[in-house]
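Heads up, the thing below is written out as structure tokens.
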Amino acid sequence: MTNQFDRRSFMKHGALAAAAWALGRGGFAAEAADVKAVPIEHVRVGLVGIGSRGSHLLKILLGLENVKVKAVCDLVPERVAKAQEMVTAAKQAQPTGYSRGETDFLRLCDTEELDLVINATRPWKWHVPISVAAMTTGKHAATEVPAAETVEDCWKLVETAEKTQKYCVMLENCCYFREVMLVHHMVRKGLFGELRHCQAGYQHYALRARPAVPGRPKETKARTANSYPTHSIGPVAQWMDINRGNRFDYLVSMSADPTGSSSNADINTSLIRTVQGQTVTLYYDTKLPRPYDLIYRVQGTRGICMATTDKIYIEGRSPKRDTWESLEAYYHEFEHPLWKALSERAQRHGGHGGGDWLVMHRLIRALQTGTPPDMDVYDAATWSCITELTEKSVADRSRPMDFPDFTRERWKTVPPIGILGG
Ligand SMILES: NC(=O)c1ccc[n+]([C@@H]2O[C@H](COP(=O)([O-])OP(=O)(O)OC[C@H]3O[C@@H](n4cnc5c(N)ncnc54)[C@H](O)[C@@H]3O)[C@@H](O)[C@H]2O)c1
């Protein structure tokens, strides 16, 4: 994906897009955080990329009230036909199919009257062009992870969202995992005191978990970096109020040497510091044999929790001094209100223990009620830009890399998200 392509596609999208591009970076009158959304009773959706993830998201969408899937797009005509069948089987009108090649999503965006375009394409190089095309033609955009692969592309999403006043939401389902939301709730209730440190990692022996799918293109390039950071950083960023009173300041990153024929590193480890003087350790560990574990450690002045391994210690509350206890009693007392209310539906629809259903449900509810989604374009940019920052740091003997302030100082005044749906 080159800038030439993006510029051309912008120009193809008429006066609004051309004017938006010409404005350049910075100094816009209205910011994306100010989007004045009116409630949308029936949310009209277009879906681009109907592979394994896209089909799963489509199934979830078809189970939600007042959602109409109006258009579907994929490179593979059979996948488009299968998606159309799924929609008609759910007693909705047959959606228009788009399968005339890699840029047919532009025709979809130009032609269809939609409220939301969701994209679940692979390779990732299409995520930004699809989100940008959606927003510049008047639709909200939702993208699978990562939202973008470069800092420049993160800015492109932010600027487009601000200029068009459309939402651009990255569908970070891990933010809705049961244990993540439990921690979120306990953090809001002050159980850990003042947060000082978090730790998370995408630790998933993906090569064994998912052998190469025939015909599936590889991601753009192998990167010696944390090339899949959003599942780990998303929950941590929400706990730490990032972009809402707090901000990631800089990171340093280091990679273990690659083994065998692989050209990118075995394990990437990064350290992030916030402007409030807290630290985060982040792992990307997908090449060596190991059980799956995202860690989700949170630590404050009063205690610590290792969420995925079911351990917690709260000074003065845990029965034995300096001894872990299980989270069981905490689930009874601090289960997140969203999980209390929706766990049965979320789990029935499966997918990452219910997180996949909740991320979609929350976005659709936000559109239907005219309220801001839980995650915005600044989150998408801040969480996704870690790939390029870690890549540059690794390449230069762990040189510190500053996080861009995608909010342009608005983080100082935007309030924390609070207890979601609580
Ligand atoms: N949030 C999660 O837990 C999670 C889990 C799995 C995958 N994902 C993400 O979902 C996305 C899709 O992954 P997948 O596993 O479904 O991949 P996949 O290869 O199974 O499906 C991708 C689909 O996109 C289509 N496609 C590619 N370029 C296109 C274009 N220009 N226009 C239209 N269609 C296009 C392909 O034909 C394919 O059908 C990726 O971004 C991945 O990172 C997220």
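The values are calculated or read from the model by the stated rules, or taken from the named source; none is laboratory data. Fair warning: this is a prediction, and the values are worked out from it, not measured in the lab. No Cβ is skipped: glycine too gets one built from the backbone with ideal geometry, and neighbour counts run over all protein chains shown.
Being free of Cβ contacts under 8 Å to residues at least 12 places away in the same chain and closer than 15 Å to TYR167 by Cα is a property that holds for ARG365. Going by what's in this entry, would PRO416 be described as modelled with pLDDT under 95 and either outside any helix (DSSP H, G or I) or in contact with a Gly (Cβ under 6 Å, 6 or more places away or on another chain) (or both)? Criteria met by PRO416. Out of LEU57, LEU64, one residue alone is modelled with pLDDT of 95 or more, within 10 Å of the ligand (Cβ to nearest atom), closer than 28 Å to GLN347 by Cβ and out of contact with any Lys or Arg (no Cβ under 7 Å at 6 or more places or on another chain). It is LEU57.
Residues in region 246-265 that are crowded, with 20+ Cβ neighbours inside 10 Å, in a strand (DSSP E or B) and touching a Pro at 6+ places or on another chain (Cβ under 9 Å): 1 in all. State all residues of region 333-345 that are in a helix (DSSP H, G or I) and either of a type in the set (A, V, I, L, M) or within 14 Å of GLU179 (Cβ to Cβ) (or both); if no residue qualifies, say none. If the condition is that a residue be in a helix (DSSP H, G or I) and either of a type in the set (A, V, I, L, M) or within 14 Å of GLU179 (Cβ to Cβ) (or both), then PHE334, LEU338, TRP339, ALA341, LEU342, SER343 are the ones that fit.
Quick test for you: out of THR136, THR88, pick the one residue that is buried (at least 24 other Cβ atoms within 10 Å of the Cβ), more than 9 Å from the ligand (Cβ to nearest atom), more than 25 Å from ALA346 (Cβ to Cβ) and of a type in the set (S, T, N, Q). THR136 is the lone residue from the list that is buried (at least 24 other Cβ atoms within 10 Å of the Cβ), more than 9 Å from the ligand (Cβ to nearest atom), more than 25 Å from ALA346 (Cβ to Cβ) and of a type in the set (S, T, N, Q).
So is LYS82 among the charged types (D, E, K, R) and more than 16 Å from the ligand (Cβ to nearest atom) or not? Criteria not met by LYS82.
Could you tell me whether any residue of region 300-308 is touching a residue at least 60 places away in the same chain (Cβ under 8 Å), of a type outside the set (Asp, Glu), assigned to a helix (DSSP H, G or I) and buried (at least 16 other Cβ atoms within 10 Å of the Cβ)?
So far as region 300-308 goes, yes, one or more of its residues are touching a residue at least 60 places away in the same chain (Cβ under 8 Å), of a type outside the set (Asp, Glu), assigned to a helix (DSSP H, G or I) and buried (at least 16 other Cβ atoms within 10 Å of the Cβ).
For region 39-53, filtered to residues that are part of a strand (DSSP E or B) and closer than 14 Å to CYS73 by Cα, the residue that is nearest to the ligand (Cβ to nearest atom) is VAL48. Please indicate, with yes or no, whether at least one residue in region 320-336 is closer than 28 Å to ILE60 by Cβ, surrounded by 21 or more Cβ atoms within 10 Å (Cβ to Cβ) and in contact with a Gly (Cβ under 9 Å, 6 or more places away or on another chain). Yes, there is a match, as at least one residue in region 320-336 is closer than 28 Å to ILE60 by Cβ, surrounded by 21 or more Cβ atoms within 10 Å (Cβ to Cβ) and in contact with a Gly (Cβ under 9 Å, 6 or more places away or on another chain). Of all the residues in region 209-247, those that are charged (D, E, K, R), at pLDDT below 95 and under 20 Å from the mean Cα position of the chain (by Cα) number 2.
Quickly run through region 266-295 and pick out the residues that are surrounded by fewer than 16 Cβ atoms within 10 Å (Cβ to Cβ) and among the aromatic types (Phe, Trp, Tyr).
Initially, region 266-295 is screened for residues surrounded by fewer than 16 Cβ atoms within 10 Å (Cβ to Cβ), giving 276-277, 279, 288-292.
Residue satisfying the conditions is TYR292 alone.
Pairs are defined by a Cβ separation below 8 Å, a sequence spacing of at least 6 or placement on different chains, a first member in region 85-110 that is under 20 Å from THR136 (Cα atoms) and without any contact (Cβ under 8 Å) to a residue 24 or more places away in the chain, and a second member that is of a type in the set (Ser, Thr, Tyr) and within 16 Å of the ligand (Cβ to nearest atom); the pairs so defined are ARG107/TYR98. In region 139-162, the qualifying residues are those that are within 15 Å of the ligand (Cβ to nearest atom) and small (Gly, Ala, Ser), and the one that is farthest from LYS36 (Cα to Cα) is ALA148. Looking only at region 337-364, residues that are out of contact with any helix residue (DSSP H, G or I) (no Cβ under 9 Å at 6 or more places or on another chain) and crowded, with 21+ Cβ neighbours inside 10 Å come to 1 in all. Here TYR167, TYR205, TYR176, TYR250 are screened, and the one residue that is within 16 Å of the ligand (Cβ to nearest atom), at pLDDT 95 or above and either more than 23 Å from ASN264 (Cα to Cα) or not acidic (Asp, Glu) (or both) is TYR176.
Got at least one residue in region 54-71 being exposed (fewer than 14 other Cβ atoms within 10 Å of the Cβ) and assigned to a loop (DSSP other than H, G, I, E, B)?
First, the residues of region 54-71 that are exposed (fewer than 14 other Cβ atoms within 10 Å of the Cβ): 65-66.
Among the residues that remain, those that are also assigned to a loop (DSSP other than H, G, I, E, B) are: 65-66.
Within region 54-71 (the criterion being exposed (fewer than 14 other Cβ atoms within 10 Å of the Cβ) and assigned to a loop (DSSP other than H, G, I, E, B)), the answer is yes, since at least one residue qualifies.
The condition (being farther than 30 Å from ILE118 by Cβ, modelled with pLDDT of 95 or more and among the basic types (Lys, Arg)) is satisfied by just one residue among ARG362, ARG317, ARG290: ARG317. Sub-6 Å Cβ pairs linking a first residue in region 129-145 that is farther than 16 Å from TRP383 by Cα to a second residue that is in a strand (DSSP E or B) and within 11 Å of the ligand (Cβ to nearest atom), at least 6 apart or interchain, are ILE130/VAL48; ILE130/ASN119; SER131/THR143, ordered by first then second residue.
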